[in-house]
Structure formats: structure tokens, C-alpha cells
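Visitor: Handing you this structure, nothing more for now.
The values are calculated or read from the model by the stated rules, or taken from the named source; none is laboratory data. Remember, it's a predicted structure, so these values are computed and weren't measured experimentally. So basically every Cβ, Gly included, is an ideal-geometry build from the backbone, and we count neighbours across all protein chains shown.
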Amino acid sequence: MSELRDEIEQVRRDYPAAAHSAVLPALRLAQEHYGWLSREAFEEVADALDLTPAYCMSVASFYDMFHLKPVGRHMVEVCTNVCCGLVNAQAVLEAFESELGVGPGETTADGEITLRAVECLGGCSTPTVVAVDRRYRQSVTPEQVPGIVEELRRV
Amino acid sequence: MSEVLVLAGAEESPLRDLAAYREAGGYLQLERARAMSPQAVTQELIESNLRGRGGAFFPMGRKASFIPTPDKVAKPIYLTVNADESEPGTFKDREIMLRVPHRVIEGCLIAAHAIQSKHVYIYVRGEYLAEYESLQAALGQARDAGILADVAIVIHRGAGAYICGEETALLESLEGKRGQPRSKPPFPAISGLYASPTLINNIETITTVPKVLEVGPAAYAEIGAPPDSTGTRVFCLSGNVKRPGAYELPHGITVRHLIEEVGGGVTEGRTLKAVMMGGSSFPVMTPGDLDTKLDADSLGKKGYFIGSGVVSVVDDKTCIVQFALRIAQFYMHESCGKCTPCRVGTRWLVQLLRAVEAGTASEQDLEVLLDVCDRIIGKCLCVLGDSAAMPVASCVTKFRDEFAAHLAQGGCPFGHDSTLDGLFAPVDQHAHVAVEV
């Protein structure tokens, strides 16, 4: 049995009343393994939970954090909602765009870093919030952007 | 009385360790509650008049009393805790999970006892990784110490969808489906998770529970702005203010006090133009109403909402049309697509506001904007549509001159100097329904 399958079996136990409740955690595990949700990933999740791949895809397509296309090895997500916007999130986003040479929703040519503009991350008292590989960086300024990108390129 | 309750013991640094939490009196109220009958615990919650902190402000004790007792139903009873905090401007639940995770667990266990539930699901928004880890660590410590007894608590992580903060959408999501709200009735108390009786509470409400028992329901009901807005609130202060942050204060302080005294006032050299009051889902507050008290009744009398305790300061460098547009874009992106007025209406709002911002709209389009808002409000299964329409309608009516100036000048009077200039919606993400604007 594959490692992913093992992990899905494990998480399934949290939902004794209904295996389909494990779809979200299972999709997250699959995405952690493969980086994104390919056709094969959906088949694996569906098989482990006795569901169809089509059902799993219909669920995944609703949620913002599931990637239905390949993404970069690193993910940079800049909050662009009003509270960060009032304190100039736009400048932070533009700094990432010029540093990476890509726009929001795009991945650098070397496949390393994907840039996204996202909705409120819930860090409104420390604008601008940037989630770097899912970890929040708070009070990010445009001046800090080159350093963050350099850090990502090194790891 | 301005006592810190929910965040007590974590004012300086997070209170994450079990031993430290116990030293601060942690889990004593759980012990006390378990020695009481479930009905007696519910009665204390009713007497305290603790109300839901997620936005609806429904009395928690009464909601718990709607749950049938196990002898009346042949199904398990569920407690689900809503930590899908995604309302723009809201970050209190995040602070609570990071700073007092054991109090969250204790609150869950007391509430579970009150409704005789053995199954607790805490739904944490997917983006909250550190918060999930903090809660998971506390849960592990509590489990190892035997505190959970026969109650199973599972932390369920969302995957990025604002709508899943709506209680029935949350249940759908927890059942492994697309997060689309259900029609009510039946209400979750009768038919919730897996069609079983389910109590759903916001995480701040749940975390307040041990403190309600500790200070006593009668004393708790005296704090804040009784009779309706009792107790404290973790207010979320943000935007163009000197000292933004999560501040726990009693209900009934004024908006002015929070912004000027607690927050140090508006950012240097700027003046206050509006306040995003309660969250992005509600009418914006104008400067003339700054002396309004932060309690549901005082705000309600002036057409405002306490929502999730948001006070976000908008200064004079902000174009109000851009502000309304950015909010409308958010709701367009987050609309689940189930109800036509919301799915289509939020797109119309964005189109019309873009035309106003570009200066290509006509005076009549402003009336159309208000008409579209009117055709959304109250006409959908959940309040997401209303949440898009209310702030937009309030911006149009309260800042009509600024909207008109866009039309008269054929563009934005701020040129490119507005703080929000060029701030577009996250177009790269797949919205729940296709976005073609």
C-alpha cells in the first residue's frame, strides 16, 4: 500500500459516520504528495475513499487552495483585500511581480515560484500579509520582497 | 469593568502549555460543569446572555437548548465549532487559537457536556496553518492528560472558501461536499451534520464559555452593555490607524474610544473618512457616528451591525468607489453560485462599479446599482448576497457626491493616488462559478 493511501486510511478514521467527510483532508494529503491534483491523484483519493474521481474533482474545483494545474515548487500568496490594501498591499504585490517577472496566477519560467493574489488571510492588523509556502509573513513591505525571493531561491 | 476574559493569561505571550493553563485556573470550569447536569450548564449560558460572536449574535444558551436530548433522538449529537474565519477585517479567532488554544478545548468540552454530545468537529479555515498546529498541540496535550474523557474532538481543515463560514455550508463542507448553503428549515439543531442534531458556535463564543462559568452567569450579564450585549469582545482594529490589533474590551465602548484611545488615532497626517464596521458585509460608518457605542442595540439603532467585531479605519486617501468595488469583487469571487440573485447580482455590482470608477457610467447607473442591491437583499438562501449589497448600497447613498464626481470628471477624482488604486481581485483563482466580467 502506498504511503498516501496509508495516510488517507488514517485520516478516514476521524470520520466514523461517513467516509466522504474525509475528501478534503485526503485531497490535501494528495496535493502535499504531488504538488497539485492530477487525474492520477484524484483516482488515488477516490479509490481510497470508495468514491468516484469525478466526485472528488467536483469537490476540489470548489475550493481555492486545491491546485488543478501544476504549480511552482514554492508558493507566494499576497493578501489583496481591503485591510491590507488600505496599507498598500498593491505595492507589495507589484514588488513580487517585478522581482519574479510574472503576474498573479503565474509561475516563473524555471518552475520554481508561483505568485498568487489572494483574498483576506486574516492578518489585518499586520498588513501586508504574505503567505510564503503557507506560512504567514506579516507587515511585509515592498523593500523586503527581494530578500524573500532570494531566500526561496536558495531552499 | 474592563477585565480581559477570553484572552486572559495570554496578554503578553501565548498560553499554550497545559501546565501553565492549569495554573491559570484552566479546566477547573470543565470539572465543575461535568459535576452539574447538562441542563444546569445550559441554564447558566442562558442567564449570562452570551451571544454568538460569529456575526449573527444569537443567544448561545438558547441555541443549545434547541438540541434534543439523547433519549429523544436515535442519532448522535454533534458540536461543530466554526473557525472558518474569512470575513475581511476579522482576525480574532486566529488570535484566540494562537494564544489560548486550551481555553478553546475547554469551551468545546463544556458545550459538549451541555448538549450531551460525544462528537466535536472544529472547522478551521485551510489557510490557518499555525493556528491549526497550535490547536492540534493543545488537543494532543489534553488527550494525553485524559481531559477529553469519552469525547472525540477532531480538527477539520477547510480548503479555501469564505462561504464555508456560513453554518449550513460549513456542514456541507464537513460532509465532504462543495460548500453550498442549505435551505432552512430544518435548522441544524434538528438536522445538521449527517442529518443529526448539531450545535454550531463560533470559536470566540465557545472560548468565552469557561469564563462565563468562572465569573458566574449573573456577574457576566453585568459586564459590557446589558441586557443584550453582555461580556467582552475581541475587537479587530485595522486599516489606517496607528496601533492596529486585537483588543478585548467590554461591549459598550464607543467606536471613537477604540480608534482614538486604544488605537492611537488615525494614521499621521490623515483624516477619517469611513469605518468598515462589523466586517466587510455591512453598511460603512460615516465620521458623524463615531460616538456610537459598540453594542448590538446602539449600532442597530443607526443601521449598523456589530458583526464579527471589526473596526477598520478608512482614511481620506481612499477612493470610496474603489473601496466598494474591491468589496464587491470579493463577494463575486466567493459567491457559491447556488442562488441567482447573488450569483448574477454580485457580477452586476462589479460591472457597474467598474463603470463608475472609469467614469463611463451615467447618473442613472447609480440608481441601477441601488436597485440591484435591493434585488439581492433577502432573496437568497444565505446572507452572502446581502453582504455584498449592504456595503455597496451604503457607499452609494452615503458618498453620493463622490460617486457623482467620478461621472462628472469622467474618471477617478483621486487620479492614481487612492490607496486602493489598481487593487484588483485575485483573478488567477478559480472562483466557485466562472467569472466573466
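Visitor: Check the range A:123-141 and report whether any residue there is more than 24 Å from B:Y331 (Cα to Cα), away from chain B (no Cβ under 13 Å) and free of Cβ contacts under 8 Å to residues at least 24 places away in the same chain.
Guide: no
Visitor: Which residues, taken from the range B:374-390, are surrounded by fewer than 24 Cβ atoms within 10 Å (Cβ to Cβ) and assigned to a helix (DSSP H, G or I)?
Guide: Residues satisfying the conditions are B:D374, B:R375, B:D386, B:M390.
Visitor: Here's another thing I want to ask about it. Within the bounds of the range B:91-99, is there any residue that is within 14 Å of chain A (Cβ to nearest Cβ) and either without any contact (Cβ under 8 Å) to a residue 24 or more places away in the chain or of a type in the set (G, A, S) (or both)?
Guide: No, every residue in the range B:91-99 fails to be within 14 Å of chain A (Cβ to nearest Cβ) and either without any contact (Cβ under 8 Å) to a residue 24 or more places away in the chain or of a type in the set (G, A, S) (or both).
Visitor: For B:G146, indicate whether it is part of a loop (DSSP other than H, G, I, E, B) and buried (at least 21 other Cβ atoms within 10 Å of the Cβ).
Guide: Considered against the rule, which asks whether it is part of a loop (DSSP other than H, G, I, E, B) and buried (at least 21 other Cβ atoms within 10 Å of the Cβ), B:G146 comes out as no.
Visitor: Now for a different question. Sort out which residues of the range B:52-68 are on the phi < 0 side of the Ramachandran plot, crowded, with 21+ Cβ neighbours inside 10 Å, in contact with an Asp or Glu (Cβ under 9 Å, 6 or more places away or on another chain) and in a loop (DSSP other than H, G, I, E, B), and write them in order of number.
Guide: B:R53, B:G54, listed by residue number.
Visitor: In addition: Within the range B:243-257, how many residues turn out to be basic (K, R) and within 13 Å of another protein chain (Cβ to nearest Cβ)?
Guide: The number of residues fulfilling the criteria is 1.
Visitor: Residue check, B:L5 against (1) under 23 Å from the mean Cα position of the chain (by Cα); (2) not in a loop (DSSP other than H, G, I, E, B), all met but one. Which one?
Guide: That leaves (2) as the condition not met.
Visitor: Also, quick follow-up: Of everything in the range A:81-104 that's at the interface with chain B (Cβ under 9 Å from one of its Cβ atoms) and aliphatic (A, V, I, L, M), which residue is farthest from B:V311 (Cα to Cα)?
Guide: A:L93
Visitor: Further question on the same structure: Output the number of residues of the range B:363-373 satisfying the condition of being within 26 Å of the chain's Cα centre (by Cα) and either outside any helix (DSSP H, G or I) or farther than 29 Å from B:K338 by Cβ (or both).
Guide: Residues meeting the conditions: 0.
Visitor: Scan the range B:316-333 and give yes if some residue there is modelled with pLDDT under 95, in contact with a His (Cβ under 9 Å, 6 or more places away or on another chain) and not aliphatic (A, V, I, L, M), otherwise no.
Guide: Within the range B:316-333, one or more residues are modelled with pLDDT under 95, in contact with a His (Cβ under 9 Å, 6 or more places away or on another chain) and not aliphatic (A, V, I, L, M).
Visitor: Please specify each residue of the range B:181-206 satisfying the condition of being within 26 Å of A:V11 (Cβ to Cβ) and under 18 Å from the mean Cα position of the chain (by Cα).
Guide: B:P181, B:L199, B:I200, B:N201, B:N202, B:I203, B:I206
Visitor: Determine whether B:T360 is within 14 Å of chain A (Cβ to nearest Cβ), touching a Lys or Arg at 6+ places or on another chain (Cβ under 9 Å), at pLDDT 95 or above and not in a helix (DSSP H, G or I).
Guide: no
Visitor: Taking the residues in the range B:23-35 that are in contact with a helix residue (DSSP H, G or I) (Cβ under 8 Å, 6 or more places away or on another chain) and surrounded by fewer than 19 Cβ atoms within 10 Å (Cβ to Cβ) as candidates, determine which candidate is nearest to B:T232 (Cα to Cα).
Guide: B:G25
Visitor: Just to confirm my filter: which helices (runs of 4 or more DSSP H) fall fully inside the range A:36-117 and include at least 1 residues that are surrounded by fewer than 17 Cβ atoms within 10 Å (Cβ to Cβ) and modelled with pLDDT of 95 or more?
Guide: Helices (runs of 4 or more DSSP H) meeting the threshold: A:39-49, A:53-60, A:89-100.
Visitor: What number of residues within the range B:294-321 satisfy the criterion of being under 19 Å from B:L237 (Cα atoms), part of a loop (DSSP other than H, G, I, E, B) and within 14 Å of chain A (Cβ to nearest Cβ)?
Guide: Going through the range B:294-321 one residue at a time, the tally reaches 6.
Visitor: Take the conditions in a loop (DSSP other than H, G, I, E, B), crowded, with 24+ Cβ neighbours inside 10 Å and either under 19 Å from the mean Cα position of the chain (by Cα) or more than 9 Å from chain A (Cβ to nearest Cβ) (or both) and apply them to B:S117. Does it pass?
Guide: Judged against the criteria, B:S117 is a match.
Visitor: Can B:C336 be described as farther than 26 Å from A:L93 by Cα and within 11 Å of chain A (Cβ to nearest Cβ)?
Guide: The answer is yes for B:C336.
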